[in-house]
Amino acid sequence: MTDSPARPPAPIKTPCVKVCVVDGESGLCLGCYRRLNEVAGWARLSEAEREAIMAELPARRGLIRPEKLAMF
């Protein structure tokens, strides 16, 4: 019997763009629009939970004042 090598886990989809600055006013990351607790717990969420959050992100952009987004 041959042991097949273990496969590495599939990469987790993430909206992270490596701009990790949390806006104190909205509580959202200026790069990906997630809340700090979502960023911190991202790996522990189910794929369905991550997909639901990612579907909300475009609408969250409007919660951040435009002049803050112009910095990035």
Item to complete: Within segment 1-66, report the trypsin sites (Lys or Arg not before Pro) that DSSP leaves as loop and that have at most 11 other Cβ atoms within 10 Å.
Response: Lys13, Lys18
Item to complete: Assuming 1.306 mPa s and 10 °C, estimate D for the chain with Stokes-Einstein, Rh taken as the Kirkwood radius over Cα pairs, in µm²/s.
Response: 115
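So what's the back-of-envelope 222 nm ellipticity for the chain, counting only DSSP H runs of four-plus at -39500 (n - 2.57) apiece and dividing by all residues, rounded to 500?
Mean residue ellipticity, 222 nm, calculated: -9000 deg cm²/dmol.
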Worksheet item: In debye to the nearest 20, how big a dipole does the chain give about its Cα centre with +1 on each Lys and Arg Cβ and -1 on each Asp and Glu Cβ?
Response: 160
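Only the coordinates and a few stated rules stand behind these numbers; no lab work does. All values derive from a computational prediction rather than experimental measurement. Here Cβ is always computed from backbone atoms with ideal geometry, including for glycine, and neighbour counts include all displayed protein chains.
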